[in-house]
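**Q** Sharing a structure with you now.
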Amino acid sequence: MKYIEEFQDPDLARRLLDDIHATVTRPWALMEVCGGQTHTIIRHGIDQLLPEQVELIHGPGCPVCVTPLEVIDKALEIASRPDVIFCSFGDMLRVPGTGRDLFQVRSEGGDVRVVYSPLDALRIAQENPARQVVFFGIGFETTAPPNAMTVHQAKKLGIPNFSLLVSHVRVPPAIEAIMQSPSCRVQGFLAAGHVCSVMGMSEYPELAARHRVPIVVTGFEPLDILEGVRRAVRQLERGEHTVDNAYARAVRPEGNPAALAMLEDVFEVTDRAWRGIGVIPDSGWRLSARYRDFDAEHRFSVTGINTREPAECRSGEVLQGLLKPHECEAFGTLCTPRSPLGATMVSSEGACAAYYLYRRLELGTVPAATTAATAAAAASATTAASATTPVSAPLEASPVV
Ligand code: SF4
């Protein structure tokens, strides 16, 4: 398949790996920003093929995972109302709020519907003028433009019973927050190619220069990841820190002007809480004053939300790259895709789900470690340790593999 198989070519992968091995002379830690990239890395074992000096740290770029618990609880509250049809992409239905999820709301009689586009929700609103139709608008710069366009359409067509529960987030402020963290070990970034296909690359040079980190715009197939790593490592070995586009088949420096214009029209930048991380200044979008009537939070005035994260879940540390998923003591035992404690185990882009789907059989007997560094040290003695140190409960079979 064009653009898929040619970016999974084993011979080219070997050549890129040879080049990386020949280039690296000392340890480097790179963060892949996007959860889709994390899944490619874990699924294809790319991190295990790289030189041991190159560590890939998994970043916070899973939209489902970073949606704050408070917003999930607001969604549950709104979806429970008898006059509401609550529409969402399917991956949000199993994300645990405080004590329940949207599937549970549906089983209790709530009208919760899976849609494949926000425009489907708008059509449902047109067909049900006596009901309130709410679309759950979450995600990064990639999902924000279609959601903005839908609100724009709702206003233009005069559909008053449609609203958006919005929790959009932006990548550059998250990179800033990661670099400002005292525990940050990241020396270079693989930026998310799809985000840059919308936003362009203009937000990154200042970040790269100020923090002295290379930022390589990277795609999602195995060769894309290897090329991103190769370019980042080359810069680091040479002491450079520039923005480089390794995903030129999809990303233009100026981004997508139509999408940018829609974002500018409908949204305004705001501070946003990230699940497990906290509030990051200017890291989100909300509906601008002109579209406030279509804001579900404003329309339903949901108050009295008391959030409660499971004490065992360490997804905040996973999302900041401070902990590898299998280092969480609940991984694969208390927490599995069937009974997730945190969103990083639910989402198709979550790092915990990636480790569970593709690596749990290798990791199932690795003892819980406290830091990525200790895990790396443990990994070199993995096989020997694994034979003797069983976990406290058996791993549940995957629902997928
Ligand atoms: S394995 Fe489960 S409990 Fe642990 S950090 Fe991941 S989602 Fe949270």
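**Q** Check off (1) over 30 Å from P257 (Cα atoms); (2) of a type in the set (V, I, T); (3) touching a Leu at 6+ places or on another chain (Cβ under 7 Å) for I85 and give me the number that stays unchecked.
**A** (3)
**Q** Scan the stretch 270-284 for residues that are of a type in the set (V, I, T) and either closer than 30 Å to L334 by Cβ or part of a loop (DSSP other than H, G, I, E, B) (or both) and jot them down.
**A** Correct list: I277, V279, I280.
**Q** Between a first residue in the stretch 278-299 that is touching a residue at least 12 places away in the same chain (Cβ under 8 Å) and a second residue that is open to solvent by 80 Å² or more (accessible area, probe 1.4 Å), which pairs have beta carbons less than 6 Å apart while being 6 or more apart in sequence or on different chains?
**A** Pairs found: P281/D271.
**Q** Does R210 count as of a type outside the set (V, I, T), within 17 Å of I20 (Cα to Cα) and outside any loop (DSSP other than H, G, I, E, B)?
**A** No; evaluated as a whole, the condition is false for this residue.
**Q** Of the conditions (1) part of a helix (DSSP H, G or I); (2) out of contact with any Cys (no Cβ under 8 Å at 6 or more places or on another chain), H194 clears all except one; give me its number.
**A** (2)
Per-residue answers, yes or no, for (1) over 30 Å from L17 (Cβ atoms); (2) at pLDDT below 95:
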position	(1), (2)
L50	no, no
V71	yes, yes
I85	yes, no
M92	yes, yes
V105	yes, no
V112	yes, no
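**Q** So, one more: Return the only residue of L119, L102 being surrounded by fewer than 17 Cβ atoms within 10 Å (Cβ to Cβ) and in contact with a helix residue (DSSP H, G or I) (Cβ under 7 Å, 6 or more places away or on another chain).
**A** It is L119.
**Q** Scanning the stretch 320-334 for residues that are surrounded by fewer than 22 Cβ atoms within 10 Å (Cβ to Cβ) and touching a residue at least 60 places away in the same chain (Cβ under 8 Å), which turns out farthest from the ligand (Cβ to nearest atom)?
**A** L322
**Q** In addition: Counting just the residues of the stretch 125-157 that are small (G, A, S) and within 15 Å of R286 (Cβ to Cβ), which one comes out nearest to the chain's Cα centre (by Cα)?
**A** G139
**Q** Same structure, new question: Filter the stretch 285-307 down to the residues that are among the aromatic types (F, W, Y) and not in a helix (DSSP H, G or I) and list them by number.
**A** Hit for the stretch 285-307 is W285, nothing else.
**Q** Among the residues of the stretch 175-185, which ones are open to solvent by 10 Å² or more (accessible area, probe 1.4 Å) and either of a type outside the set (D, E, K, R) or out of contact with any strand residue (DSSP E or B) (no Cβ under 9 Å at 6 or more places or on another chain) (or both)?
**A** A177, I178, M179, Q180, S181, P182, S183, C184, listed by residue number.
**Q** Can you find a residue in the stretch 163-174 that is of a type in the set (S, T, Y), more than 30 Å from D244 (Cα to Cα) and surrounded by fewer than 20 Cβ atoms within 10 Å (Cβ to Cβ)?
**A** no
**Q** Counting only residues that are in a loop (DSSP other than H, G, I, E, B) and of a type in the set (A, V, I, L, M), which one in the stretch 128-162 is surrounded by the fewest Cβ atoms within 10 Å (Cβ to Cβ)?
**A** The selected residue is A130.
**Q** Among (1) part of a loop (DSSP other than H, G, I, E, B); (2) away from the ligand (no atom under 16 Å from the Cβ); (3) of a type outside the set (D, E), which single condition is P310 missing?
**A** (2)
**Q** Might you let me know whether the stretch 253-263 holds any residue that is open to solvent by less than 40 Å² (accessible area, probe 1.4 Å), more than 17 Å from P172 (Cα to Cα) and more than 16 Å from the ligand (Cβ to nearest atom)?
**A** Within the stretch 253-263, one or more residues are open to solvent by less than 40 Å² (accessible area, probe 1.4 Å), more than 17 Å from P172 (Cα to Cα) and more than 16 Å from the ligand (Cβ to nearest atom).
**Q** Additional query: Tell me, please, whether a residue that is within 30 Å of L122 (Cα to Cα) and crowded, with 16+ Cβ neighbours inside 10 Å can be found in the stretch 223-245.
**A** So far as the stretch 223-245 goes, no, none of its residues is within 30 Å of L122 (Cα to Cα) and crowded, with 16+ Cβ neighbours inside 10 Å.
**Q** Looking at the stretch 221-245, I want the residues that are at pLDDT below 95 and have a partner that is open to solvent by 40 Å² or more (accessible area, probe 1.4 Å) and in a loop (DSSP other than H, G, I, E, B) with Cβ atoms under 6 Å, at least 6 apart or on another chain. Which pairs are those?
**A** none
**Q** Here's another thing I want to ask about it. Within the stretch 279-298, take every residue that is open to solvent by 90 Å² or more (accessible area, probe 1.4 Å) and under 19 Å from G158 (Cβ atoms) and give me the one that is nearest to the chain's Cα centre (by Cα).
**A** Only one residue fits best here, namely H298.
**Q** Output the residue which, of all residues in the stretch 335-349 that are open to solvent by 10 Å² or more (accessible area, probe 1.4 Å) and of a type in the set (S, T, Y), is nearest to the ligand (Cβ to nearest atom).
**A** S339
The values are calculated or read from the model by the stated rules, or taken from the named source; none is laboratory data. Remember, it's a predicted structure, so these values are computed and weren't measured experimentally. Please note: Cβ atoms are built from the backbone with ideal geometry, for glycine as well, and neighbour counts cover all protein chains shown. The area values use the complete protein model at the heavy-atom level, side chains included, leaving out ligands, DNA and RNA. Shrake-Rupley method; radii C 1.70, N 1.55, O 1.52, S 1.80 Å.
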